[in-house]
Amino acid sequence: DGLPSDIINALYVDGNTIYVGSPAGLTFFDETKVTNYSKCNLRILDISVGNKSQPLQDSYRIHYRENSLKISYAGISFKSGGNVSYRYRLKGLTDIWDSTGQNVLEFPSIPPGNYEFELIAVNKKGIISNPVKISFMVEAPFWQTLPFQVLIIAVAILITWILVAWRFSILRKEEQERSSVQQKLNELEQMALRAQ
């Protein structure tokens, strides 16, 4: 456990120091300093947003056109010999934990919103690493923002009000013309009656 290979070609003991030869090379360790304590560390190696590598930080603001995300990481557990599994979730997209043995996760198209990426490593002895949490905020396109939607609603209300006011003014003019024609007819009737 902890050796780079399970195939042992040679073994040599010199006091407390043990030398092990394998296809992966020569390994030596002090027998008195070997413990059964297993540890698992997790490191983020790289974060790419829109196929561009970004400096490592706790939170990212992502433009809606560059909403692809690629995260590279490594679980370090010397006693697991590279046999480390990972559990992850992207809160805001899903609350379910997924598992993988890969060292890279890709999210090709993240919708606008706020997300929190969580990742943990589990070594072969079941020891869990400290969780890594990274926040992502994918900006919405301008036509999906609240100010733009309020502006569209205000413009629609204004256009509707103008059309209704215009229609009422036409109806008012028609009514005034009818009333004026009716008044002239009444006057003509009065004149005709006087003439008789």
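Quick notes
Residues checked against (1) more than 24 Å from residue 123 (Cβ to Cβ); (2) open to solvent by less than 30 Å² (accessible area, probe 1.4 Å); (3) touching an Asp or Glu at 6+ places or on another chain (Cβ under 7 Å):
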site	(1), (2), (3)
15	yes, no, no
46	no, no, no
49	yes, yes, yes
79	no, no, yes
85	no, no, no
94	yes, no, no
98	no, no, no
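- Unmet criterion (only one of (1) open to solvent by less than 60 Å² (accessible area, probe 1.4 Å); (2) touching a residue at least 60 places away in the same chain (Cβ under 8 Å); (3) among the basic types (Lys, Arg)) for residue 39: (1)
- Look at region 95-112: where a residue is in contact (Cβ under 8 Å) with a residue 24 or more places away in the chain and a partner is of a type in the set (D, E, K, R) and outside any loop (DSSP other than H, G, I, E, B), sitting 6+ places away or on another chain with Cβ atoms under 8 Å, you get 104/70; 105/70; 106/70; 107/70.
- A single entry from 157, 162, 128, 110 fulfils the requirement of being in contact with a Leu (Cβ under 9 Å, 6 or more places away or on another chain), among the β-branched types (Val, Ile, Thr) and surrounded by 10 or more Cβ atoms within 10 Å (Cβ to Cβ): 110.
- Qualifying residue in region 19-38 (condition: over 22 Å from residue 123 (Cβ atoms), in a loop (DSSP other than H, G, I, E, B), out of contact with any Phe, Trp or Tyr (no Cβ under 6 Å at 6 or more places or on another chain) and at pLDDT 90 or above): yes
- Pairs where the first residue, in region 143-160, is in contact (Cβ under 8 Å) with a residue 24 or more places away in the chain and the second is part of a helix (DSSP H, G or I) and surrounded by 10 or more Cβ atoms within 10 Å (Cβ to Cβ), C-beta under 9 Å, 6+ apart: 144/64
- Of the strands (runs of 3 or more DSSP E) lying entirely inside region 79-170, those carrying at least 3 residues that are at negative phi and of a type in the set (A, V, I, L, M, F, W, C) are 104-107, 113-122, 132-138.
- Residues of region 56-77 satisfying the condition of being surrounded by 16 or more Cβ atoms within 10 Å (Cβ to Cβ), under 30 Å from residue 4 (Cα atoms) and of a type outside the set (Ser, Thr, Tyr): 70, 71, 75
The values are calculated or read from the model by the stated rules, or taken from the named source; none is laboratory data. These numbers come from a predicted model, not from an experiment. Cβ: placed from backbone, ideal geometry, glycine included. Neighbour counts: every protein chain shown. Accessible surface areas use protein heavy atoms only, side chains included; no ligands, DNA or RNA. Shrake-Rupley method; radii C 1.70, N 1.55, O 1.52, S 1.80 Å.
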